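Report on one structure; see the data block that follows.
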Amino acid sequence: MLDKDEDLKKLKQAWEWFRSGCGKSVPEEPNEWKACFDALSKDVDLVLRNAIAACEALDSAEDGPRLISELSRRLDRNWDGYRFDEYVVGAAKRLGYDRIDVVQFRNRHLDKWRKVVAAADDGCAERLVTQRIEADMLDMMSRALPAPSSEIIDKLQLKTPLELTVLMLALRVRAPIYAEDLAQALDLIGAELARVAQREQGPTSS
């Protein structure tokens, strides 16, 4: 059963390949299958020829060491998908969105993150990937606060809807985007509440 986006993507790719090989997305007649087989044979032949040429280049006394070094560098920059997961988990925790489906979120942005890794200077990939993942997460959540209103009310014992509205707006404007955790974010809200209350009371007479 095709119940994943990746499965559907592969199925569509197969249909497109069949269509390019024989003109139909689902071959039925012997001549259609033969056309697909011939197309596949040409593809395999091209892959093998390119592989042989690459091996000969790597074995070259003149260019081989340089090519091997460059290949190794590119492989180091071509991260497997799972290597991004720890960065997604960390960003979700810092931003207060720790219920996100890590794998689904990663698959949606994987190509873009790999481009960041490939373009990064040596030693900078992790930092840049972290920034990009945090940005993508904030875009997805449309600048949602790091906690739902029910948790804010419970934490700060708010009494009126007006207090909650003022605090949530204040947090969006004043609080650092990357709070260390939910407790820190709510502490910032509490500090803003005290400032609002002080302004409402006005200056006190001595």
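Just so it is clear, none of the values below were taken in a lab; they were calculated from the coordinates. In this text the structure is predicted, and so the values were computed from the model without any measurement. Note that each Cβ is placed from the backbone with ideal geometry, even for glycine, and that neighbours are counted across all protein chains shown.
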Query raised in the report: Taking the simple approach of a point 7 Å from Cα along Cα-to-Cβ for both residue 115 and residue 8, what is their distance in nm?
Result: 2.3
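Expressed in nm to one decimal, what extension gain is obtained for the pair residue 40 and residue 191 from 0.36 nm per residue of sequence separation less their Cα-Cα distance? Walk me through the numbers on the way to the answer.
Values: separation 151, 0.36 × 151 = 54.36 nm, distance 6.68 nm.
My answer for the length gained is 47.7 nm.
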Requested in this report: Within the range 1-69, list the GluC sites (Glu not before Pro) lying in a DSSP loop whose Cβ has at most 13 other Cβ atoms in a 10 Å radius.
Outcome: 28, 62
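I need the per residue convex hull volume for the range 4-122, using only the alpha carbons, in cubic angstrom as a whole number.
Spread over its residues, the Cα hull of the range 4-122 gives 136 Å³ apiece.
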Query - Cα-based reach from residue 4 at 17 Å (exclusive), listing lysines while leaving out same-chain residues under 8 positions away - result: 12
Query raised in the report: What is the spin-label model distance, in nm, from residue 82 to residue 107 if the labels are put 7 Å beyond Cα along the C-beta direction?
Result: 1.6
Report task. Please give the net charge around residue 29, taking every other residue with its beta carbon less than 15 angstrom from that of residue 29, where Lys and Arg add +1 and Asp and Glu add -1. Result -> 0
